[in-house]
Structures are given as C-alpha cells and as structure tokens.
Amino acid sequence: MVVTKAAGDRRMAQSGAFKDKSKPRDIRSSNITAAKAVADAIRTSLGPRGMDKMIQAANGDVTITNDGATILKQMNVMHPAAKMLVELSRSQDIEAGDGTTSVVVIAGSLLEAAEKLLSRGIHPSAISDAFQRAATKSVEILTKMSRPIELNDRESLVQSASTSLNSKVVSQHSSQLAPLAVDAVLKVIDPTKDHNVDLKDIKLICQLGGTVDDTELVDGLVFTQRPAGANPPRKVEKAKIGLIQFCISPPKTDMDHNVIVSDYAAMDRVLKEERAYILNIVKQIKKAGCNVLLVQKSILRDAVSDLALHFLDKIKVMVIKDVEREDIEFISKTLSCRPIASLDHFTPENLASADLVEEASTGGTNKVVKITGIQNMGRTVTVLVQGSNKLVLAEAERSLHDALCVIRCLVRQRALIAGGGAPETEVALRLSEHAQTVTGVDSYCFRAYADALEIIPLTLAENAGLNSIATVTELRNRHAQGEQTAGINVRKGAVTNILEEEVVQPLLVSTSAINLATETVRSILKIDDIVNTMQ
Ligand code: ADP
Ligand code: MG
C-alpha cells in the first residue's frame, strides 16, 4: 500500500486508532467525479440544437446518433459509478423511451449539488433523504402544471411526437414521421380499454434505398426478402398463406454423416427417393390450396431445397424463405393463423387469407414483398423505414422508436406539459419557494435541488448558442410573474410562450426522468467503499 506523505500526516493527526476516515469521502468524491464526467460528455447533445455524436466501434462500425441511451450504450465506460449513469439512461429508455439525455444531465447536475452540500459538512444520508422528498415535491408540481389529453386529440399527439423528433438527426422529416408514429400506435391499441402499448406489435422494417421521406405505414406485412426460386410468381391475388416451421428438403441425421454410393443404380435410387419425398410435401401444399409459403429459417439444413423450389415454382406458389424465428410470433399474430410445425397440420383451416401478396418496388431501387388486405388481421402494424445510407437509416429507426415511445407514454398517462425548459424552470421556482417553508438541512438541500434542475434550460440555451445566463434569468423572471409556459424558443432565440411553438412533451417523460435521476444520485451518495474482487 502506498501512503502519500499528506495522507500519512493526516493519519498521525487522528486519534491513535488506525482508521482511515478520509476513505469514504475520497470514494464518494471519485464516484461523483466519474459520474459527472459521463453527464458532461453528453450534455452537448441535449435539445433541438444539440450536437450529434459519431461513435466508432472496435470493429469499425460507425454510428451517428443524438440519442442519450444509444451514445452511452456504445461508450466504453470503466468506472463503476459511471456505469450507473449508463444504466440510468437505459432505465429511462425502458420506462419512458424519451428523455434519455435529460435524465443523465439532471443526474450530473444533482451530483454536483450534492458535492457542494457534502463540502458544507452535511451528512450524505441527510442529503439523500432530502433529495427524495424534493423529487416527490417536483413530481407534484409537474403534475399540477400538466394538461390532460384525450387520445382522439390527434393534433396534440402529433405535436408531442414532433417535439421528440425535432432534436434528432432526422428532424427535417419530422412532419412526416410524427403522424406516422401516432397512427401506428393508435392502430395497435383499443383507445377506450388499453392503458399500455406493446411496441412489439409495431414492426419496424428497415430498407436501404430511397429517403426517409419514403417511409410508410403498411397495414399488413412486409418482407425484405425476394420471392425465392428461378421464376417465382410476383403477384398473388386472393392469397392463401401458410406459415411453416418444417423444412422442404431431404432430411439429415443429427450427427455428421457420409453416405458412400458406389454404383449408378444406387445413386439413381437415392435421387428418386429424394424426389418422391419432396413431391409428397409439395402435393400436400397444393392440396391445401396454399399459394404463398412463408418458411422459417433453419439452422440445420436448407429450409427449402432447390428441387423443392423448382416444384413450387411449377405449381405457382410464392415462397418467402429465411423468415427469422423471432418474427414468427408477430407474423402469426398479424395473419391470425398458427405456425404449422409439421406436414400433417398443413390443412386449409390452418392457412391465412389475404387479398394481395405482391412484390412492390419501394422509393429506391430495392423491392419488398407486401401482404395486404389480410382477413381477420390482428392488431399489428408494420412501418417500412427507408433511408439512403446505413447511418441515416439506423438513426431514423431509433428516432421513430423514440417517437413511438412518446405516444406510448401518452397512452399510459394521458397528460402533457410544455417543453423547452419550461417545466424545469417552474419546478425550480416552486421548489425554492417551498424550501423557505421548511427548516434545517432540508431547506438547504431543497434549494440546491431546485437550482440543479435549471441545468436543463441552461444547457438548452447554451446548445442553441444563446447567452445562457441571461436567458435563464429571463426565464426565471417570467415564471415568477406567473407565466408557467414560458420556455426557450430556439428558433427565435428568445424566451416565449413555448406552447405557441407547439413544443409539448408527455408528463411521464419528465416525471420519470426526475424520479430515476434522483434514485441514482441517492445510491451513488450512499456508497462509501468499492470492494474489488478482481485479481
Ligand atoms: P432527450 O434524449 O433527453 O429526449 P433531446 O435531445 O430530445 O434529449 O432534448 C429534449 C429537450 O429538448 C427537452 O427538454 C425538450 O423540452 C427540449 N426541446 C425539444 N424541442 C424543442 C424546441 N423546439 N424548442 C425548445 N426546446 C425543445
Ligand atoms: Mg428526445
């Protein structure tokens, strides 16, 4: 163990017992520093004028993104406390889907506030408890300033989806993507009954080619695979669709095997056998009246052999192979049919019906197979996302996911608040007013908590190139005069009524950010030692 001179002196000064009282303090301070560094790293990405990050992975893959959760997930952080912030962003992603940058920025700012309180000699537990009470109060204030909405208020829904999309790389397409996200969510739920959305019911299919503007909502299924075979049918009307999980190819043993055929007659027999085997399957398919076959990918052997494709071509069956195992559930829900696991069950009642299965060209040069006009279609929807290059396409998909999450938040908790730093400023103001009514340590901590929340408007102003101090001061004044919805208008570069700018966000995103950030800060404060079990 290396003991520096200063530390040694300090120990000597302490009463006889060899007890390092400074250790918990050092650990805490190192944790706070590490976590704050993470928050600072993504601060510049916050808001509509925030910067994007380019992340290069070890294998050379490049990602361009503005999404906090994505940036942090790809960042290689080592420090255990810094990892907590990465997890924090992930929790927010799961809980609300949006606000993943805000939550980390708030946590960083709260940690800085806690550090100052600690240096004043306030006990970490006292700070932690006070922060919890402050968070509860903040959520109360936010809830009070929120406005309830109905799910048939389409305009408000589109506005909140746009707010989320406006801070993304693909923001110029937000006018097209926002209504699409709203329609997609509304299609998969029953607005009167459902209070949650299963995003698994919305399938995002990414296709390279075209532009983000060509992104479309498809009432049915989309496959990016081309129909298999040499000359397959490209269009099938009045389709009878079979979703199969068995293979149409010669069976193989589980073990590695060799069959040595030495004479011509034997070889002929083998080929004949195979032909008969496959012909039998194809006949059954024809008998059931099936004309579109979706085949699950097989890892053991070819799911459909060339010979089988040849026969299926002849009887004019369109074959889509390589359907992923994890997509089967979505497909069978959409088609309202069960996947067929063996040939015995390949009967007409197990097939799904659709008006049209067609290979259609998309915006670009690529083609996809679309199944539309499905009978008894389940409550699902497919979004065909397009982009001109891989980076834009991936970010478009992530952004659309965020927008879907925003609408999901509104289905869960049907309330909206203004954006643009307005809620944080309002909470900061009301909370510091509240701090004056309490006494003792709580009063200090509440005020520190309130000031820490102003990091959001401060950062939004900073990122938009405004004078941050002047902007936040004006914001504070306007809120003190009762303008609850005064926020930072990045387009005009001034403080205005942000509702007129149509910048609104779900209440759930903000409350969850405050709750989760406080929770993480509290746990960081309570750590006084790091025990390393690694050698
Ligand atoms: P997050 O990952 O936390 O969602 P964003 O980069 O999406 O981060 O930024 C969200 C913040 O930007 C919110 O505080 C929101 O109120 C604010 N914001 C979004 N659009 C605007 C806008 N047009 N004008 C001002 N503020 C905006
Ligand atoms: Mg956002």
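The values are calculated or read from the model by the stated rules, or taken from the named source; none is laboratory data. The shown structure was predicted, so the numbers you read here are calculated from the model rather than taken from an experiment. Quick reminder, even Gly has a Cβ in these numbers, built from the backbone with ideal geometry, and neighbours come from all protein chains shown. Surface areas here come from the heavy atoms of the whole protein model, side chains and all, with no ligands, DNA or RNA. Shrake-Rupley method; radii C 1.70, N 1.55, O 1.52, S 1.80 Å.
Some notes on this structure:
- Among the candidates Ser336, Ser332, residue that is small (Gly, Ala, Ser), more than 26 Å from the chain's Cα centre (by Cα) and more than 16 Å from ligand 1 (Cβ to nearest atom): Ser336
- If you go through segment 84-126 and keep only what is open to solvent by less than 50 Å² (accessible area, probe 1.4 Å) and assigned to a loop (DSSP other than H, G, I, E, B), you end up with Ala96, Gly97, Asp98, Gly99, Ile122.
- All positions within segment 30-39 that are among the polar types (S, T, N, Q) and modelled with pLDDT of 85 or more: Thr33
- Residue tally, condition open to solvent by 60 Å² or more (accessible area, probe 1.4 Å), within 30 Å of Asp183 (Cα to Cα) and without any contact (Cβ under 8 Å) to a residue 12 or more places away in the chain, over segment 127-154: 1
- Exclusive hit being within 16 Å of ligand 1 (Cβ to nearest atom), touching a Gly at 6+ places or on another chain (Cβ under 8 Å) and touching a residue at least 40 places away in the same chain (Cβ under 8 Å), set Leu475, Leu507: Leu475
- Test for Val509: is it within 15 Å of ligand 2 (Cβ to nearest atom), under 18 Å from Ile455 (Cβ atoms) and either at pLDDT below 85 or under 25 Å from the mean Cα position of the chain (by Cα) (or both): yes
- Scanning segment 414-432 for any residue that is away from ligand 1 (no atom under 11 Å from the Cβ) and without any contact (Cβ under 8 Å) to a residue 24 or more places away in the chain turns up at least one such residue.
- Looking only at segment 265-275, residues that are closer than 12 Å to Ser249 by Cα and open to solvent by less than 60 Å² (accessible area, probe 1.4 Å) come to 1 in all.
- Among residues of segment 30-49 being near ligand 1 (Cβ under 9 Å from one of its atoms) and surrounded by 22 or more Cβ atoms within 10 Å (Cβ to Cβ), the one that is nearest to Glu115 (Cα to Cα) is Ile42.
- Of all residues making up segment 159-182, the number that are near ligand 2 (Cβ under 10 Å from one of its atoms) and either part of a loop (DSSP other than H, G, I, E, B) or under 23 Å from Val218 (Cβ atoms) (or both): 4
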